[in-house]
Amino acid sequence: MFRSRFKTVQLQLKTHKTSIFISCPQEMTFNEAKERTLSALTAFPDEKDVPKVQSIEDFEICVGRLSKKSPDTAAKLEFEIIDGEKRMRDVF
């Protein structure tokens, strides 16, 4: 049975105290998602828990992936920085 992809991706972007949820179409690039994230982060300049960023160069979007576990070791969560030119469909 053929299963189609979702039309949008829900990104959950986290810092140590802040979470942002963004709906992104499959064709959106990660640089465009970073622009939306920057807009959300700068919307509340007086909040102490929101990171202070000025441009999309001040932060990265990463995806966490579990490494394969072997009989001797447990699986580890490893983070991969996503290239800004990649589209959502290329990663998810």
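Key figures for this structure:
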quantity	calculated
Distance in nm between pseudo-label sites at T42 and E80 (7 Å out along the Cβ direction from Cα)	3.1 nm
Share of carbon and sulfur in the accessible heavy-atom surface of the chain [1.4 Å probe, %]	52 percent
Debye log10 I(q)/I(0) at q = 0.16, 0.25, 0.33 Å⁻¹ for segment 42-92, Cα point scatterers	-0.72, -0.98, -1.19
Per-residue ³J(HN,Hα) for segment 87-92, Karplus 6.51 cos²θ - 1.76 cosθ + 1.60, θ = phi - 60°, Hz, x for Gly and Pro	8, 4, 5, 6, 9, 10
Between helix 30-42 and the chain: long-axis angle, C-alpha atoms, 0 to 90°, nearest 10	40 degrees
R89/D49 FRET efficiency (R0 41 Å; Cβ-Cβ; nearest 0.05)	0.80
Dipole moment magnitude, nearest 20 debye, the chain about Cα centre, only Lys, Arg, Asp, Glu C-beta charged	560 debye
Orientation-averaged projected area, Cα convex hull of the chain (nm²)	8.2 nm²
Mean ellipticity per residue at 222 nm, deg cm²/dmol - from DSSP H runs of n ≥ 4 across the chain, formula -39500 (n - 2.57)	-5000 deg cm²/dmol
Per residue accessible area of the chain, 1.4 Å probe, in Å²	80 Å²
Separation in nanometres of the label points that stand 7 Å from Cα toward Cβ, at Q10 and S23	1.0 nm
Pairwise Lys count, the chain - Cα closer than 18 Å, eight or more residues apart or different chains	9
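The values are calculated or read from the model by the stated rules, or taken from the named source; none is laboratory data. Keep in mind that what you see is a predicted model, and the values were worked out from it rather than measured. Note that we place each Cβ from the backbone using ideal geometry, even for glycine, and neighbour counts take in every protein chain shown. Surface areas here come from the heavy atoms of the whole protein model, side chains and all, with no ligands, DNA or RNA. Shrake-Rupley method; radii C 1.70, N 1.55, O 1.52, S 1.80 Å.
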